[in-house]
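Read the structure below first, then the notes.
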Amino acid sequence: MISLNTLMRPVIILTLALIAAGCAPFAQLKPSGDAVGPKAQTALYDESLALMEAGQHAAAAQRLGTLLASEPRGDDRSRALLALAYSQLKLGQPERAAQLASRVIAQNTQNSPQDYALYLRASALLAEQPAPTPGQARQAALDLENLGRHYPDSRYATATRETLAGLRERLAATELETARRQLQDRAYVAALNRCRYLIERYPGTRAVPAALELMVTAYRQLGLDQLADNTRAILQGRTP
C-alpha cells in the first residue's frame, strides 16, 4: 500500500530544498507587485512564504486566507490557492488541500503551475487517513499520469514516475482481489469484466498473470472452453 511517507517524502523534501535554494514552487511563483495590484497583497504573500519556510504553517494559512479574501485575480489567485493547499497538507488537512488544488486545476489559467497542482492534489489524496479510498487512489493515479504525459520536463517528473509505479501495482492488486471475490461468489461474468479492466488499465503490473489465470477459471465455469484455452495460451506466452 502506498503510504503517506512514500508519496509525501519526495514532494516535501523537494519543496523545502527548493525553498532553501530560493527557487521553491512558491518562491518561483511569487507574484510581482505590479501583477498583484495592492501592495498589501504582495506583503501578505511574502509573509506567508517566510512563515512556511519557518514551518509555521498555521500562521501562513491565516495570512493566505486574508490574501484570498482580498480577491487577487488570475494567476495570483492560483498561486495563493496552491500555497494555502500546501500549508493545509502540512497541517494534516489533506481533504482541504485537495479541494484547493482542484480549484487551480479547474481554472487552468495561462501561467498557473498545473504540474504542481496535479502533484499536490495527488499528494493530498494519498495522504487521507487512515487510508485513501479506492476512488481517491484512482484519481491520484490519473493526476500523476496526466502530469507525466503533459509535463514530462516537470521537476516532479521523476518522483511522479516512482510514485505512480507503486500506485498502479496497488490499484491492480485491489482489482484482482475484487475479481477473486466475484469468482468465489460465482459471478463469473463480473469477474471476467474486472480482469479485463485490470489488464487494460494496468498492463505490466504483477497482477496481470493472476488475472489471466482467473479468466481461465471463469471461462471454464461458463463452459467457454475455447476462450479458456486461448487465455491459457496468452498466459503461457503463446499465440492462441
Going by the structure shown, is Q129 among the polar types (S, T, N, Q), farther than 28 Å from P152 by Cβ and not in a helix (DSSP H, G or I)?
yes
Some residue of the range 118-125 being under 30 Å from G74 (Cβ atoms), surrounded by 24 or more Cβ atoms within 10 Å (Cβ to Cβ), in contact with a Phe, Trp or Tyr (Cβ under 6 Å, 6 or more places away or on another chain) and not assigned by TED's automatic domain parsing to the domain that holds Y188:
yes
For S112, the lone unmet condition from (1) touching a Gly at 6+ places or on another chain (Cβ under 8 Å); (2) surrounded by 19 or more Cβ atoms within 10 Å (Cβ to Cβ); (3) in a loop (DSSP other than H, G, I, E, B) is (1)
Just to verify a result, which residue in the range 59-81, among those that are farther than 13 Å from T42 by Cα and out of contact with any helix residue (DSSP H, G or I) (no Cβ under 6 Å at 6 or more places or on another chain), is modelled with the lowest pLDDT?
G74
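Quick grid of which residues meet (1) among the aromatic types (F, W, Y); (2) in a loop (DSSP other than H, G, I, E, B); (3) closer than 14 Å to A61 by Cβ:
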position	(1), (2), (3)
A80	no, no, yes
A83	no, no, yes
Q88	no, no, yes
G92	no, yes, yes
R103	no, no, no
A106	no, no, no
Only one of these conditions is not met by D225: (1) farther than 30 Å from P113 by Cβ; (2) surrounded by 14 or more Cβ atoms within 10 Å (Cβ to Cβ). Which number is it?
(2)
Selection from the range 171-189 of residues of a type in the set (K, R) and in contact with a helix residue (DSSP H, G or I) (Cβ under 7 Å, 6 or more places away or on another chain) yields R180
The listed residue being surrounded by fewer than 19 Cβ atoms within 10 Å (Cβ to Cβ), among the small types (G, A, S) and in contact with a Gly (Cβ under 7 Å, 6 or more places away or on another chain), out of A173, A157:
A157
Kindly evaluate L147 against the criterion of being in contact with an Asp or Glu (Cβ under 9 Å, 6 or more places away or on another chain), buried (at least 19 other Cβ atoms within 10 Å of the Cβ) and either in a helix (DSSP H, G or I) or not basic (K, R) (or both).
yes
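The values are calculated or read from the model by the stated rules, or taken from the named source; none is laboratory data. All figures in this text were calculated on a predicted structure; none of them were measured in a lab. Neighbour counts run over all protein chains shown; Cβ positions are idealised from the backbone, glycine included.
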